[in-house]
Every structure is written in C-alpha cells, then in structure tokens.
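So the structure is just underneath, and the comments pick up after that.
Since every read-out is calculated from the coordinates, none of them should be taken as a lab result. Given the structure is predicted, the values throughout are model-derived calculations rather than measurements. Don't worry about glycine lacking a Cβ; one is built from the backbone with ideal geometry, like all the others, and counts go over all protein chains shown.
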Amino acid sequence: MVGWRIRRAGVDEIERLIDLRLAMFDAMDPIDAADRERVRADCHAFFASTLPTGAFRVWVVCVSGAGTGDVPGSGEPEPRAGEASAPGEPDEGEPIASIGLVVHSVPPGPHNRVGKVGYIMNLVTRPVWRRRGIARALLEHVLGVLRAEGVPVASLHASSDGRDLYERLGFRVRDELPEMRLSFADEVGRPQ
C-alpha cells in the first residue's frame, strides 16, 4: 500500500503548485486556453513573491518518501474497494494534493480580539487520489497551524464538492453576514 505525507511546499515547486491550482479550476469551471496561460503567469508572479516571505503558505501531499520535511503522523490511506493501492504512480516528489493559507490582519472585535483571520484556499486533490482522507488531513493540518499561531478565525469559500467536509469540521455559513462581491475585473483588465 502506498502511504502519503504532508509537507510545506517550496519556491522550487511553483509550476507544480500552479498545475494543482489549474486542476482545481478545471474541476469547478474549466477555463479556455488563453485565460489559462494568463492565469498561469499571474499565479507564477504571485507565488514567486509570496511563498518566500510566508505571506502565502502552501502544503502539499506527496506519496511516502517523496520530498523532504514530512509532517509526522499524516497517514497511510486505505485503498477504496475495487481500486489499486497506488492509482497512477506519481513522479518522485510530485504533489497529489495541496492547500493554501493566507493570514491577514483585521481590526480587533468582540469575537476576534487578536485581529487575525486565516483564509484557507486551493484545497485540491488529484481525482484518482480522492476519497482517501487526504483533503481532510490537509485541512486539519492547516487548522492546527492556525491554532498554534493563535489565529482565532478561519474562513474559506466552499465548492459544492467540499462543503460536506468543511461542515463536518465545524465550518458554518453565516447567514447574517453573507459575503457580497463586486468585480472590477473589466476595469483592471484581468478576468476573475
């Protein structure tokens, strides 16, 4: 049976991280080839400037023995019934899943006196590796990071595929404060 480990992604993995991000977009709403290349370039610039500083942090899951800096106790998934133990052999160090985190400051308030919010994003698992506990392990790992850093609030945007997992871990939709969005994409020339 193939095991897997969670580890922090490095700057040298930017292209792999972008590939996972694009796979996430493909699963939700595929983008055309021209937009794909623009998104790739924009992501490269973002990752190159934020990963080294820790302003944006990413953890990946690789098969056991792939890469360095494994997080102890990340788990060995059980294969699903009727599925091979190692679906599609990834290259050494090839991430099969990822999760991103940005911690930002907000003015303190009665429910967040510290004034920090962890925004969780880019939780994606390659299709052949889904339903093995990998996304849950990544999310629990990042929630542990937030707790250890004293960040009292975690937020995310849930896809329909991920919503059940998020709710099982305690995330709730706040009807009294629904997110609203206004896009200036056409004005700044970048599609969203």
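Annotations
- The separation of segment 9-29 from segment 124-184, counted between C-alpha centres, amounts to 17 Å.
- For Ala27 and Met180, the difference between the fully extended length at 0.36 nm per residue and the C-alpha to C-alpha distance is 52.7 nm.
- Packing-based exposure ordering (other Cβ within 10 Å, fewest first) of Val173, Val58: Val173, Val58
- Note on His104, His141: ascending count of other Cβ atoms within 10 Å places them as His104, His141, the fewest first.
- Overall form of segment 133-183 per C-alpha gyration tensor (a/c, 1.5; a/b vs b/c): oblate
- Over segment 106-192: Rg over Rh, Cα atoms, Kirkwood Rh: 1.02
- Counted by neighbouring Cβ atoms within 10 Å, the residues Arg38, Arg113 run from fewest to most as Arg113, Arg38.
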